[in-house]
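What follows is one structure encoded as structure tokens, with my remarks underneath.
The values are calculated or read from the model by the stated rules, or taken from the named source; none is laboratory data. These figures come from a predicted structure and were not determined experimentally. Don't worry about glycine lacking a Cβ; one is built from the backbone with ideal geometry, like all the others, and counts go over all protein chains shown. Side chains included, ligands, DNA and RNA excluded: accessible areas come from the protein's heavy atoms. Shrake-Rupley method; radii C 1.70, N 1.55, O 1.52, S 1.80 Å.
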Amino acid sequence: MKPKVHAFGHIHEGYGTKEHYWEDGCRTLFINASTCNLGYQGIHKPWVVDVEASVAIKASDAPPKQKYG
């Protein structure tokens, strides 16, 4: 799997981004979106990522919702 974006955030001191280029030319943007520092103070700004979808899915084409419980 080679996603365009992989967003995560728990390693507080690792806030930021890194691009990875695969051998076949694909690119993945890794985003550590942790908003807190090691003292759990919210010091980092949140990330906003615009991603263009390659396929549009209409609500009528979506799979039915499953009931749990």
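Which one is nearest to VAL49 (Cα to Cα) among residues in region 7-20 that are touching a residue at least 24 places away in the same chain (Cβ under 8 Å) and open to solvent by 80 Å² or more (accessible area, probe 1.4 Å)? Restricting to residues being touching a residue at least 24 places away in the same chain (Cβ under 8 Å) and open to solvent by 80 Å² or more (accessible area, probe 1.4 Å), the top hit is PHE8.
Taking region 37-56 as the range and being among the hydrophobic types (A, V, I, L, M, F, W, C) and without any contact (Cβ under 8 Å) to a residue 40 or more places away in the chain as the test, the residues that pass are LEU38, ILE43, VAL48, ALA53, VAL55, ALA56.
Look at (1) open to solvent by 100 Å² or more (accessible area, probe 1.4 Å); (2) hydroxyl-bearing (Ser, Thr, Tyr); (3) in contact (Cβ under 8 Å) with a residue 24 or more places away in the chain and you find that SER34 fails only one, number (1). Which residues, taken from region 1-44, are touching a helix residue (DSSP H, G or I) at 6+ places or on another chain (Cβ under 6 Å) and assigned to a loop (DSSP other than H, G, I, E, B)? The answer is SER34, ASN37, LEU38. Being open to solvent by 100 Å² or more (accessible area, probe 1.4 Å) and either of a type in the set (S, T, N, Q) or modelled with pLDDT of 95 or more (or both): is that true of GLU23 here? Against the criterion (open to solvent by 100 Å² or more (accessible area, probe 1.4 Å) and either of a type in the set (S, T, N, Q) or modelled with pLDDT of 95 or more (or both)), GLU23 qualifies.
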